[in-house]
């Protein structure tokens, strides 16, 4: 997926560069830009590991903690070789599965599969999102190349959604459309309650601090592509609750940044 995205962006940039020259006129003039980012972040999952212990010893393999990350921001500042400031929002997501075990079937699954015990698994949806105020300083190397350093401060939420699933040998979601609303064998209030019982949500709010740096290449006066390297610090004084305690994690990441505008 990443190779396709990079290929599309680079090919589009090369096409645009055939029709436009990059000229840095009046570099101290104030202008604006916006960008989108796609990349990966190595998230410290120690806060998550603490709370999944409550699932009766169900084991999760949380060693692969690379998340797909995404973000977007807008800022104003000098066109080149200057300061810029703005706001943005960033996030990431991945899923993990617990070890399998046999458990008594819930009411819906028992009617669906006709068995008292079924294979069970917990699908853990992990995500984070934060918004904040950013400041960056760019340095013009030549009309096409800029390097920059910056920081961000804001706040966000770390989420863990545990979804308990049951099936006969093969794990799959139970689609609501499978049930007929007029079928008395599957009363909808029972189905809704069972779905609620299968979902457990944990949330932790945190302060977000980030330091970052990177380089951009300008294909035209208004389109630029770069690589951004960062360290995201998440600090929470309350964590997921009194039992889990506070946490402070440092999370390195790398992102592809595509910028549209004249400030870079």
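Just so you know, all these numbers are worked out from the coordinates, no wet-lab data involved. Fair warning: this is a prediction, and the values are worked out from it, not measured in the lab. As a convention, Cβ positions derive from the backbone with ideal geometry for all residues, glycine included, and neighbour counts pool all protein chains shown.
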Nearest-0.05 FRET efficiency for residue 238 and residue 29, computed from C-beta distance (R0 41 Å): 0.35
Residue 200-residue 76 FRET efficiency (beta carbon distance; Förster radius 35 Å; 0.05 resolution): 0.20
Calculated FRET value between residue 85 and residue 46, using beta carbons and R₀ = 35 Å, to 0.05: 0.60
Within the range 72-97: backbone nitrogen closer than 20 Å to the residue 151 label point (7 Å, Cα to C-beta): 74-78, 82-90
Cβ-based exposure ranking for 230, 244, 237, in which fewest neighbours within 10 Å come first: 237, 244, 230
Gain in span if fully extended, residue 133 to residue 161, counting 0.36 nm per residue against the direct Cα distance: 7.3 nm
Fraction in percent of alpha-carbon pairs per bin - 5 Å, the range 35-86: 4, 14, 15, 13, 12, 11, 9, 8, 6, 4, 3, 1
